[in-house]
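Notes follow the structure.
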Amino acid sequence: MTINIDKEALWKKLKKLGNLKTEEARAVFDLGEDSTDWGVENAKKELLDTGPNPNYIHEILYRPFDKRYSYYTGRSRGLITRPRKEIMLHLLRTNIALTVGRQ
């Protein structure tokens with residue numbers, strides 16, 4: 001819901017989410033049932049509390065050499081369930097992270 005290849009497409013999707021009722025948004029974006037940490041109502045609330053504001057759209061590396069855009073405010077249980085602010089502060093500028101599994 002919050003990651004898109006095109007910045008303008010993400011912005012249009014977020015504005016549309018803010019204008020739809022909860023059940024309409026669930027059907028239009030095929031969001032399914034809410035989980036324990038993420039819900040359509042919470043995502044809409046965060047979006048409406050923050051504007052929506054295009055300043056929260058950040059370029060991210062979705063995979064190596066795969067740049068995409070995300071709406072990041074740093075709030076938990078909104079559009080992004082667990083944003084890990086202490087990690088993201090380093091990655092919202094030009095920086096690269098490498099994650100490796102234990103196996």
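Numbers for the structure displayed
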read-out	value
Per DSSP, loop GluC sites (Glu not before Pro) in segment 17-103 with at most 14 further Cβ within 10 Å	E33
Carbon and sulfur %, accessible surface of segment 11-73 computed with the full protein complex present, 1.4 Å	49
With Cα atoms, 0 to 90° folded angle of helix 40-49 axis to the chain main axis	80
Theoretical gain in end-to-end length, K7 to N55 [0.36 nm per residue, Cα-Cα removed]	16.1 nm
Filtered chymotrypsin sites (Phe, Trp or Tyr not before Pro), segment 3-51: DSSP coil and at most 15 other beta carbons within 10 Å	F29
Per-pair calculated FRET efficiency, R0 = 30 Å: E41 and T99 via Cβ, rounded to 0.05	0.45
Summed residue charge, Cβ within 13 Å of E24's Cβ, Lys/Arg positive, Asp/Glu negative	+1
The chain: angle of helix 7-19 to the longest principal axis, Cα-based, in degrees nearest 10	30
Probe 1.4 Å, all protein chains present, accessible-area order of I3, I57, largest first	I3, I57
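The values are calculated or read from the model by the stated rules, or taken from the named source; none is laboratory data. Remember, it's a predicted structure, so these values are computed and weren't measured experimentally. Neighbour counts run over all protein chains shown; Cβ positions are idealised from the backbone, glycine included. Quick note on the areas: whole protein, heavy atoms, side chains included, nothing else; ligands and nucleic acids left out. Shrake-Rupley method; radii C 1.70, N 1.55, O 1.52, S 1.80 Å.
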